1. Would you mind checking which residues have amide H under 5 Å from T43's amide H? H placed 1.01 Å from N; only 5 or more apart, or other chain.
2. HN-Hα J couplings of the stretch 67-80 from phi, Karplus 6.51/-1.76/1.60, θ = phi - 60°, integer Hz, Gly and Pro as x?
3. Take the Cβ-Cβ distance between A33 and D117 as r, set R0 to 35 Å, and report the resulting FRET efficiency rounded to the nearest 0.05.
4. Give me the percent of accessible area attributable to carbon and sulfur for the stretch 35-99, probe 1.4 angstrom.
Amino acid sequence: MAAAGDGPWLDDAAGRLVRPFTVSNGRTEPSIALDLMSQVMATGSTPLGYLGPEHAQALDLCRAPVSVAEIAAHLKLPAVVTKVLLSDLVDCGALTAKPPVFHHNPTDRSLLEAVLDGLRRQL
């Protein structure tokens with residue numbers, strides 16, 4: 001139960017409620033370019049300075065290469081907030097990031113038509 005006077009700050013099931021952009025100190029621009037499909041991986045270096053608990057959770061998820069989208073889903077944070085956290089970890093040397101590799105042209109007309117046809121069959 002939430003204590004009297006705690007109001008909307010506590011939730012019995014979720015614990016303390018924090019607005020997502022509080023996690024990134026209100027920042028909405030990562031310091032490096034990250035795509036949702038970018039792969040990040042821990043380097044094994046210990047980050048210097050204080051990082052919040054969300055940084056530690058993200059770093060823990062990166063023991064093997066993982067996409068930015070997967071980390072955002074696990075952390076239950078918006079992608080832009082996750083990108084800021086991950087860019088902090090890259091900046092301090094705790095993570096490496098690789099852009100997505102496409103073995104085809106993602107704007108290839110035949111590929112887009114095949115995807116559209118597949119979606120139409122699903123409907």
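1. For T43, whose amide H was placed from the backbone, the distant partners under 5 Å are L95, T96.
2. 7, 4, 4, 5, 5, 4, 5, 5, 7, 6, 10, x, 4, 5
3. About 0.65, to the nearest 0.05.
4. Numbers: 2050 of 3400 Å².
Reported share for carbon and sulfur atoms: 60 percent.
The values are calculated or read from the model by the stated rules, or taken from the named source; none is laboratory data. Everything quoted here is computed from the prediction, not taken from an experiment. We place every Cβ from the backbone using ideal geometry, glycine too, and count neighbours over all the protein chains shown. These accessible areas exclude ligands, DNA and RNA; they are computed on the full protein's heavy atoms, side chains included. Shrake-Rupley method; radii C 1.70, N 1.55, O 1.52, S 1.80 Å.
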